[in-house]
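Notes for the one structure printed next.
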Amino acid sequence: MENCWICNEPANSEEHKFKASDLKRTYGKKFQGMYIGEKPIPVNSYKAKELKFPKIICECCNVRRTRPHDDAYDIFTKYFHNNFEELVSSKILNFEAIYGKDWYEQKLNLYRYYAKHAGCKVRTSGLPHDLRDLSEFIRGKDHTEHLALKFELKVVIQLIHYYYNQKHKYGHLFNGHTVNFGWDRNNFSFGGWLSFNWLTVNWVVSKDISEFKKTNFNRRFESLDIIDLDYYNLTALEMDSYDKMITYFDNGALNTLDRRVEHFKRMIG
């Protein structure tokens, strides 16, 4: 048995790639859907192995230790989905508006939620990387030197979501490919993203994040990139394959390895 990369206890738990409550709320406990990885894979339950990481963390870190992080994520996504027009207009995330007077601690917890996801992605990449900074952050350290996040709102996904929900129950969950970049195999940087409906959070795990790009958790505001309709070729809405259409709109311009790497380099440099 592996040891948990967060606390070094025996790893006996399978972390969901998407939050389990998002899966159940969006699709129910049983459903017919596709997990889009290298190729679409049919899944019929939120417990499907394709929707989980292998056992690389322990039950405590998966459930109890990170419960406040899950709660912060739930508040964040609820606010994001209830304030679409305001966010498109302001292009700003105001963490005090999202969380109230406890915004500082809750912002930390939100970043810890994505730190766990990113760390699991790095750990399952098969490439070496020192995750101690992330594990210490998840366990309570009040800063992280090796994690950068970038928030996006994808307008076209909101339109697709609205259109399909006229007749069907549709929810958009997308786990972007993990890429690695750098010259030293023992010091690679890693990047990816996670989408829930029209919210996308890009992440980079790297020892090479510049001082300018490191997160200041005392800052109430973070920028929000608006990916509007001009960004896309909307003829993709006529694609004969639904899976291809969804993949196209979530990838956007990041549809090649070189473009992804350049995107993630800009996040940290």
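The values are calculated or read from the model by the stated rules, or taken from the named source; none is laboratory data. Here the structure is a predicted model, which means the values were calculated and not measured. Every residue, glycine among them, receives a Cβ derived from its backbone with ideal geometry; neighbour counts consider all protein chains shown.
Quick notes on this one:
- Within the stretch 7-16, one or more residues are under 21 Å from ASP250 (Cβ atoms) and either among the basic types (Lys, Arg) or surrounded by 14 or more Cβ atoms within 10 Å (Cβ to Cβ) (or both).
- Qualifying residue in the stretch 111-123 (condition: surrounded by 21 or more Cβ atoms within 10 Å (Cβ to Cβ), touching an Asp or Glu at 6+ places or on another chain (Cβ under 8 Å) and closer than 22 Å to ILE226 by Cβ): no
- Checking LYS101 against (1) surrounded by fewer than 17 Cβ atoms within 10 Å (Cβ to Cβ); (2) within 20 Å of SER206 (Cα to Cα), the condition it does not meet: (2)
- Of the candidates LYS121, LYS141, the single residue that is in contact with a strand residue (DSSP E or B) (Cβ under 9 Å, 6 or more places away or on another chain), modelled with pLDDT of 95 or more and of a type outside the set (A, V, I, L, M) is LYS121.
- The residue list SER241, SER210, SER195 contains one member that is of a type in the set (S, T, N, Q), at pLDDT 90 or above and over 17 Å from TYR114 (Cβ atoms), which is SER210.
- Tally of residues being more than 17 Å from VAL201 (Cα to Cα) and part of a helix (DSSP H, G or I) across the stretch 249-258: 2
- Restricting ARG260, ARG185 to residues that are within 22 Å of ALA115 (Cα to Cα), of a type in the set (D, E, K, R) and crowded, with 16+ Cβ neighbours inside 10 Å narrows the list to ARG260.
Rundown of residues vs (1) among the hydrophobic types (A, V, I, L, M, F, W, C); (2) surrounded by 14 or more Cβ atoms within 10 Å (Cβ to Cβ), yes/no style:
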residue	(1), (2)
SER223	no, no
LEU234	yes, no
ASP240	no, no
MET245	yes, yes
TYR248	no, yes
PHE264	yes, yes
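- Residues that are modelled with pLDDT of 80 or more and either surrounded by fewer than 17 Cβ atoms within 10 Å (Cβ to Cβ) or not hydrophobic (A, V, I, L, M, F, W, C) (or both), drawn from the stretch 21-40: SER21, ASP22, LYS24, ARG25, TYR27
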